[in-house]
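The structure appears right after this line, and notes come after that.
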Amino acid sequence: MSNSIKNLEWRYAVKKFDSERILPHEKIELLKQAFNLTATSYGLQPIRMVVLKGKELQERLVSHSYGQQQVAQASHILVICIESVINADFIENYFERIKRIRNTPDEILEPYLESLLNNFSQKDTSEIRQWCINQAYLALGNLLTVCAMEKIDSCPMEGFDPKGYDELLGLPEKGLNSILVLPVGYRAKDDMFSGFKKVRKKMEDSIIEMF
């Protein structure tokens, strides 16, 4: 079995973190880089990540997390957010980055830019929001894998009150809405879930091969 599979087997959704153990700075920097390198549709990156650390703030978030204590126990909390507004300016800023980083000529970029502007102009707000949410889940999957490879414990959470998080963290003022929460840190020695076998379909029931 490869190390990658062994590490994915090691990973589970932690139910109890060791609140005394804190992830080193370099591990958090690695997770920040991994988030920023996540593949997103069109490369537009309509997502941002808030990194939280501080037991007082983490305790206040528990009431907006349906009482899940992992939020208070974890070393850090990663909150994956989407941009509230995706408009022509947002898309054009992306193309400015392309020109700055790759020196791509306007004559090559302009047809693609016009195509994207036209595409998004035909979407309503709910369609664009759902598209952004899809990108947040791509980032979550990437972070979970990186956590497993780096032996960082984590617990992905959809079960929280986004409005409560948004208000407490002042996210609307930053043009953001919280979508997913990922406490990270180290599992507690007495978390009984760490020893449970994974419950998954058999490979033949999960994979369809066509050759």
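Can you tell me which residue is farthest from the chain's Cα centre (by Cα) among those in region 135-182 that are hydrophobic (A, V, I, L, M, F, W, C) and part of a strand (DSSP E or B)? Steps first, please.
Start the filter on region 135-182 by keeping residues that are hydrophobic (A, V, I, L, M, F, W, C), which leaves 136, 138-140, 143-144, 146-149, 152, 155, 157, 160, 168-169, 171, 176, 179-182.
Within this subset, residues satisfying the condition of being part of a strand (DSSP E or B) are 157, 176, 179-182.
Numbers: Met157: 10, Leu176: 14, Ile179: 9, Leu180: 7, Val181: 8, Leu182: 7 Å.
Checked region 135-182; the qualifying residue farthest from the chain's Cα centre (by Cα) is Leu176.
The single condition among (1) free of Cβ contacts under 8 Å to residues at least 40 places away in the same chain; (2) within 15 Å of Tyr137 (Cα to Cα) that Lys6 does not meet is (2).
Residues in region 183-204 that are under 18 Å from Leu8 (Cβ atoms) and not in a loop (DSSP other than H, G, I, E, B): Val184, Arg187, Phe193, Ser194, Gly195, Met203. Does region 84-103 contain any residue that is open to solvent by less than 80 Å² (accessible area, probe 1.4 Å) and among the acidic types (Asp, Glu)? Scanning region 84-103 turns up at least one residue that is open to solvent by less than 80 Å² (accessible area, probe 1.4 Å) and among the acidic types (Asp, Glu). Cβ separations smaller than 6 Å between residues 6+ apart or across chains give the following pairs from region 85-104 residues that are more than 24 Å from Glu173 (Cβ to Cβ) to residues that are surrounded by 15 or more Cβ atoms within 10 Å (Cβ to Cβ) and at pLDDT 95 or above: Phe95/Leu109; Phe95/Leu113; Thr104/Ile98. Identify, by number, the condition in (1) open to solvent by less than 80 Å² (accessible area, probe 1.4 Å); (2) part of a helix (DSSP H, G or I) that Glu59 doesn't meet. If we test Glu59 against (1) open to solvent by less than 80 Å² (accessible area, probe 1.4 Å); (2) part of a helix (DSSP H, G or I), just (1) comes out false. Quick test of your reading of the structure: Gly67 fulfils all but one of (1) part of a loop (DSSP other than H, G, I, E, B); (2) in contact (Cβ under 8 Å) with a residue 40 or more places away in the chain. Name the failing condition by number. Just one mismatch for Gly67, condition (2). Looking at region 1-43, which of the residues that are open to solvent by 70 Å² or more (accessible area, probe 1.4 Å) and of a type in the set (Asp, Glu) is nearest to Gln68 (Cα to Cα)? Step by step, filter region 1-43, then rank; the result is Glu20. Looking at Ser206, Ser194, Ser154, just one residue is closer than 21 Å to Leu78 by Cβ and out of contact with any helix residue (DSSP H, G or I) (no Cβ under 8 Å at 6 or more places or on another chain), and that residue is Ser194. Of all residues in region 135-160, those satisfying the criterion of being open to solvent by less than 80 Å² (accessible area, probe 1.4 Å) and out of contact with any strand residue (DSSP E or B) (no Cβ under 9 Å at 6 or more places or on another chain) are Gly141, Asn142, Thr145, Val146, Met149, Glu150.
The values are calculated or read from the model by the stated rules, or taken from the named source; none is laboratory data. Computed from a prediction, not measured in an experiment: that's the story for all the values here. With ideal geometry, Cβ positions are generated from the backbone for all residues, glycine too; neighbour counts draw on all protein chains shown. Please note that ligands, DNA and RNA were not included when accessible areas were found on the heavy atoms of the full protein model with its side chains. Shrake-Rupley method; radii C 1.70, N 1.55, O 1.52, S 1.80 Å.
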